[in-house]
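The structure under discussion appears below in the form of structure tokens.
Just so it is clear, none of the values below were taken in a lab; they were calculated from the coordinates. In this text, all values refer to a predicted model and were calculated from it rather than measured experimentally. Glycine also receives a Cβ, built like all others from the backbone with ideal geometry; neighbour counts cover every protein chain displayed.
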Amino acid sequence: MSGAVDKAKGRLKELAGKITGHERLEAEGRTDQARVKIREKAQSVRRRAEGVMDSFRHDRS
């Protein structure tokens, strides 16, 4: 699933949990959202690292 879909799913779970008083569902929603944020940050770090590595490769040429 895409990050946007997972994030929306997490928001819906959290909201449903709040409305129904179901703490576990609310926590699952927050966990889903955190998982998406971590994945996005990891992808950002990976892209930056690739950019740095590319700049080193071009400097050596």
> Inside the stretch 18-30, can you point out the residues that are surrounded by 13 or more Cβ atoms within 10 Å (Cβ to Cβ) and in a helix (DSSP H, G or I)?
Replying inline: Lys18, Leu25, Glu26, Ala27, Glu28, Gly29, Arg30
> Of the residues that make up the stretch 22-32, is at least one free of Cβ contacts under 8 Å to residues at least 12 places away in the same chain and acidic (Asp, Glu)?
Replying inline: yes
> Which one is surrounded by the fewest Cβ atoms within 10 Å (Cβ to Cβ) among residues in the stretch 31-61 that are over 25 Å from Ser2 (Cβ atoms) and hydroxyl-bearing (Ser, Thr, Tyr)?
Replying inline: Ser61
